[in-house]
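Colleague: I am attaching a structure below and will ask some questions about it afterwards.
Each value in this text was obtained by applying a stated rule to the coordinates, not by laboratory testing. Please read these numbers as outputs of a predicted model, since none were measured by experiment. Here the Cβ positions follow ideal geometry from the backbone for every residue, glycine too, while neighbour counts run over all protein chains shown.
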């Protein structure tokens, strides 16, 4: 295990947060070519940590810093989690 991550631990979180920044990705990592372009963003959770994740449910112009976001899960079991604007 990396000495950098030896103090990392899982904590329960609300799934609510605030958008810090968003971007529309046009290049692909392996396995994402068919999903281009896709939205990604940095979300600060209510509990404090920040998470970089894919975003859904909005267009880039709608994703302004400070926007309330909520955690959602994709259709694939065990797949990635996403954030969308909170209603």
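Colleague: Taking springs between alpha-carbon atoms closer than 10 angstrom, which of 75, 21, 13 fluctuates most in the Gaussian network model of the chain?
Modeller: Evaluated over the chain, the most mobile residue of the options is 75.
Colleague: Relative contact order (percent) for the chain, with alpha-carbon contacts under 8 angstrom and 6 or more residues of separation?
Modeller: 28 percent
Colleague: Among 42, 19, rank each residue by its count of other Cβ atoms within 10 Å, from fewest to most, as a rough exposure measure.
Modeller: In order of increasing Cβ crowding within 10 Å: 42, 19.
Colleague: Select one label from [x] 14.1; [y] 12.7; [z] 13.5: the one whose number is Kirkwood radius over Cα pairs in Å as derived from the coordinates shown.
Modeller: [x]
Colleague: Tell me, 64, 20 in order of fewest to most beta-carbon neighbours within 10 Å?
Modeller: 64, 20
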